[in-house]
1. Residues to consider are B:L88, B:L92; find the one that is in contact (Cβ under 8 Å) with a residue 12 or more places away in the chain, surrounded by fewer than 20 Cβ atoms within 10 Å (Cβ to Cβ) and within 14 Å of chain A (Cβ to nearest Cβ).
2. Look at segment B:23-44 and say how many of its residues are surrounded by 15 or more Cβ atoms within 10 Å (Cβ to Cβ), of a type outside the set (A, V, I, L, M, F, W, C), out of contact with any Asp or Glu (no Cβ under 6 Å at 6 or more places or on another chain) and within 10 Å of another protein chain (Cβ to nearest Cβ).
3. Give segment B:98-133 a look and list any residue that's among the hydroxyl-bearing types (S, T, Y) and more than 14 Å from chain A (Cβ to nearest Cβ), or say none.
4. Six or more apart or on different chains, Cβ under 8 Å: which pairs go from a residue in segment A:29-42 that's touching a residue at least 12 places away in the same chain (Cβ under 8 Å) to one that's exposed (fewer than 15 other Cβ atoms within 10 Å of the Cβ) and among the small types (G, A, S)? Could you list them?
5. Only one of (1) within 20 Å of A:D131 (Cβ to Cβ); (2) surrounded by fewer than 13 Cβ atoms within 10 Å (Cβ to Cβ) fails for A:Q44. Which number is that?
6. Looking at B:L48, B:L4, B:L19, which one is away from every other protein chain (no Cβ under 14 Å) and hydrophobic (A, V, I, L, M, F, W, C)?
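No lab work stands behind these numbers, since they all come straight from the coordinates. As the structure is a computational prediction, the values presented were derived from the model and not from experiment. Here the Cβ positions follow ideal geometry from the backbone for every residue, glycine too, while neighbour counts run over all protein chains shown.
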Amino acid sequence: MEGTKIPEVIERHQTALLDDWMKQQLAASTLRSDLLPSAELREQSREFLELLRQASRQAGSTDVAAPAWQPLRDMLTRVSRSRGEQGFSPSETATFVFSFKQPLFSRLAEAYGGDAKGLAWDTWLATAILDQLGLFTTEVHQKAREAVIMRQQQEMLELSTPVVKVWDGVLALPLIGTLDSARTQVVMESLLQRIVETGAEVAIIDITGVATVDTLVAQHLIKTITAARLMGADCIVSGIRPQIAATIVHLGVDLTGVVTKASLADALTHALQRVGVSVNGRPARA
Amino acid sequence: MPALKDEMLPIRADSDIVLVRQAARSWSIDAGFSLVEQTKMVTAASELARNTLVYGGGGTVRLEALEENGRRGLRLTFEDRGPGIPDLELALRDGFSTGTGLGLGLSGSRRLVNEFSIESQRGEGTRVVIARWR
């Protein structure tokens, strides 16, 4: 960055800039004194200013992705993360950086005096840098959110596929929610895995908790049942509600090779008979 | 016939299909559909949204709440700018699929609704309109 007075201005007025900036931030409507004590805000501002001074002296361009800006970016990552956790909105976090423009611009104007051309150029450079840094905090904020969502999705994959052993040789898999392809894959694998582990002869797949059975869901079910059969286990599909039955018929899905039962209780009776356990008395109809 | 209200949703990812199903369900409930009618409409919406995504490369769905002579209904219009369907008659046949599915999505959804129309131009995209009345 040749011909710029930015590093020089920051160096000469570092303390005054910090005071101006703090005044600016404490007066702003986006100040969250409830979340961040002003002493901590001052410390963050001081560190930002110091790192900006170093970076602007070393950097060859306004591209904040360059290595010279690394310490400043690290510091902003830290600030953005902690503010995100404290409950700041992304724009409140970005305002931390943007609010430095006014103090810096007035010091630059002072330094240039009547040199309008030089001032315009330096103002442009400063804007380019601070805009990028402000947007960078927003990006960090968003990435942290995305990481949370990813983790929750993974947790749901783990949680939502319990294969339960209900009797010697009988497994039950209660399916709940949306059967999109990623989850169905996990469901299928965990059922097949448990069939191997327990040597089960019968597996009950209960779809009471599945809101919609469309052709993709039906196809996944058929594939799972076929795979289980290849391993020597029979599957029973239970929990087929009237509206689901009507829809499957209209869709034209062929489930003739599949043993289906209206309720889990019916499926369990059938499964117990299949493994040779006699049940005294029919289960009460729900 | 003017719609009582309408809304447009994007279909760009698997998660959008879930949102389309949820919207179809809540609009079906608003239209006063019975549980079977709701389920049929939601299932048809699920099939067509998936077709829009998988074969059309993504697109949109427009939901419209209708009322005609005191009857209430729901119309869904799926549109994509994908490669189009070269042979509509073949595509509507049970068991035909150019993908790996069961080949029942399009023909099955036609049986789940009261009104069904499909237009497709090669290289320009496909538009499927379905409606169900109380």
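1. Only one candidate passes the filter, namely B:L92.
2. 5
3. B:T98, B:S117, B:S120, B:T126
4. Filtered contacts from segment A:29-42: A:T30/A:S91; A:L35/A:G87.
5. The one condition A:Q44 does not meet is (2).
6. B:L4
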